[in-house]
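Colleague: Before I ask anything, here is the structure I am working with.
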Amino acid sequence: MTAPGPPVPPPPVSLASLGARYAGLAGAVLLAVAGYLGGALPDAPLGVTPASIWRTPNGPATLSCWLIGTVLLVGAWWSLREGAPSTRWAYVTAGLWALPLLLAPPLGSRDVYSYACQGWTYAHGVDPYTVGVAAAGCPWLDTVAPIWRDTPAPYGPVFVLLAALAVGLGGGLTGTIVALRVIAVAGLLLAALCLPALARAAGVPARRAVWLALAGPLVGVHLVAGAHNDAVMLGLLLGGLLVVVRRPGRPAALLLAGALLGLAVTVKASAVVVVPFAVLAGMPDRYTVRALLRHAGWLAGGLLAALLVTSAVSGLGFGWVGGLTHSGDSEQWTSPSTAVGFVVDYTGALVGRDPQAVPVVRAVALLLLVGVLLVLWWRAWQTLRGLNEEAGCPRVARSRVALHGAALALVATVVLSPVFHPWYATWPLALLALTAARTTWFVLPTAAAAFLALPDGTNLARVTKAPGALAMTALLLTVLVRTTRTARRR
């Protein structure tokens, strides 16, 4: 047996990569400064506009730091979209960028205050699925955005339990916000642990997957500084997928994966669209209907167990399902279906009509979403059956088909949902980073979404309603025309 040779040193880091690292770090520092000058602080005024922010004493400095910081962070992330110099380098850089934002006030949204009040509501014996935080008497009500003060919690029992835990550990508002941020970071750390193994299973460079999924501007601003519960959902979702990919066909692994995916669903229900593709990822080789039903049964058993146990432990039952209907109370053109509804309403107003098209178009989009999800799953199933007939087809090819189907399912969910917030783009981002052959088509809209919010939580979509709706509808029509032409050529 020959002795192993000396370890191969990593390739040298280019000046361009170092420039991207420190440009992004400077951007993160500027965003943190913008947070202290005019972020989503507890006593910040609500319902302001960019013009009113500019007229405040710190307004010009706040908006300047925010804009320059966002440009630097987005530009640095974009410049290495094909992959960082190494996986370790990507981890270190993402950590450096997250550090200033970890120490900043809440940025880009006031949702973390809603989480705090919902946790307080549950901790004080009130059902957050039947009573809004205003009626519950939350002492921090003034920090919550007005639109969410009277609506039930739209999150599952696992996150309500975590929010109540944060209230118990934190004591006051500041401590609760810190605890919620620690929970969000824990979700990101779980995702970070899963990414390299999932990248190997899908046959893509881990250095690219880690960079795209963790170093993006939406991750630092909204998942770290904003402490959004999407971070917890992503960590559990990637954990469940990793289990089925590493241990395909094993009942114990399928049960565990189903439980992790069930926990993800009980944080945010949108994670459920990944479950059918997780079944495909957990099938070892023979893609028959009988094998499909067997593996689906094991995974569904773990998922249902997680749903039943968490609903019972919380004492809230399945009341959280009804709270999902209120997630669409906000109407913004960033949701394509809502934008089309706006345009129809504007057109009707020109002829003296009031079509009230937004709820109708949203309902049509949700029906379309069901159809798209079925088509995506069927295509993945047929592709896997075809691969199964090829002699010597590697496992990595089959895993990539299932994971890419899950990624496209999340893309469809984000595009066709009634509401879109910038941090929703992080859902498909992680899986696309693991499976997509080309990156520009999903990195570009993710980068654009980073400019939709201001540090105090002001959503620019609310102050650009008409032009934004027209632009989104035009973009949607352009994509449909190009997609149709491409399909005909094929």
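Colleague: Let me know the whole percent of all Cα-Cα pairs from the stretch 386-474 that are separated by more than 20 Å.
Modeller: 48
Colleague: Rounded to whole Å and sorted largest first, list the principal axis extents of the Cα atoms in the stretch 115-197.
Modeller: Result for the stretch 115-197: principal-axis Cα extents of 46, 23, 23 Å.
Colleague: What order do you get for I177, I147 when you list them from fewest to most C-beta neighbours inside 10 Å?
Modeller: Starting with the residue having the fewest Cβ neighbours, the order is I147, I177.
Colleague: What is the packing order of peptides 236-245, 66-75, 254-263, 344-353, taking the mean over residues of other C-beta atoms within 10 Å and listing the highest first?
Modeller: 236-245, 254-263, 66-75, 344-353
Colleague: Which FRET efficiency value, to the nearest 0.05, is calculated for V321 and V370 with the Förster distance at 22 angstrom and r the Cβ-Cβ distance?
Modeller: 0.85
Colleague: Quick one: which residues, 5+ away or cross-chain, put their amide H under 5 Å from the amide H of A84? H built at 1.01 Å from N.
Modeller: Correct list: R208, W211.
Colleague: If Rh is defined by the Kirkwood formula over all Cα pairs and Rg also comes from Cα, what ratio Rg/Rh do you get for the stretch 227-326?
Modeller: 1.01
Colleague: Sticking with this structure for a sec: Ratio of Rg to Rh for the stretch 226-277, alpha carbon only, Kirkwood?
Modeller: My calculation of the ratio gives 1.00.
Colleague: May I ask you to derive the FRET efficiency for F451 and Y346 from their Cβ-Cβ distance with R0 = 30 Å, giving the value to the nearest 0.05?
Modeller: Computed FRET efficiency for F451 and Y346 comes out at 0.80.
Colleague: Given 0.36 nm per residue, what is the gain on full extension from L96 to R290 after removing their alpha carbon distance, in nm?
Modeller: Extra length available between L96 and R290 comes to 64.9 nm.
Colleague: Set the Förster radius R0 to 35 Å, insert the Cβ-Cβ distance between N388 and L18 as r into 1/(1 + (r/R0)^6), and round the FRET efficiency to 0.05.
Modeller: 0.15
Colleague: I've got another one for you. Could the peptides 394-403, 201-210 be put in order, highest first, of the mean number of other beta-carbon atoms found within 10 Å of their residues?
Modeller: My ranking of the peptides, most packed first, is 201-210, 394-403.
Colleague: Expressed as a fraction of 2.2 N^0.38 Å, the rule-of-thumb size for a compact globular protein of N residues, what is the C-alpha radius of gyration of the stretch 299-443?
Modeller: Ratio of Cα Rg to 2.2 N^0.38 Å: 1.34.
Colleague: Then there is this: Grab every C-alpha pair in the stretch 189-285, bin the distances at 5 angstrom width from 0 up to the longest one, and report whole percents.
Modeller: 3, 14, 22, 24, 20, 12, 4, 1, 0
Colleague: Please work out the Kirkwood hydrodynamic radius for the chain, using every pair of different C-alpha atoms, and report it in angstroms with one decimal place.
Modeller: Taking every pair of different Cα atoms in the chain, averaging 1/r and inverting gives 23.5 Å.
Colleague: Apply the Karplus curve 6.51 cos²θ - 1.76 cosθ + 1.60, θ = phi - 60°, to the phi angles in the stretch 427-433 and return the couplings in whole Hz, x for Gly and Pro.
Modeller: Residue by residue, the stretch 427-433 yields 4, x, 4, 5, 6, 5, 4 Hz.
Colleague: How would you order 24-36, 362-374 from highest to lowest mean count of nearby Cβ atoms within 10 Å?
Modeller: 24-36, 362-374
Colleague: Another question, if that's okay. Could I have the simple spin-label model distance between T440 and L46, label points 7 Å from Cα toward Cβ, reported in nm to one decimal?
Modeller: 4.3
Coordinate-derived values only; no laboratory data. Just so it is clear, the model here is predicted, and its values are computed rather than measured. Don't worry about glycine lacking a Cβ; one is built from the backbone with ideal geometry, like all the others, and counts go over all protein chains shown.
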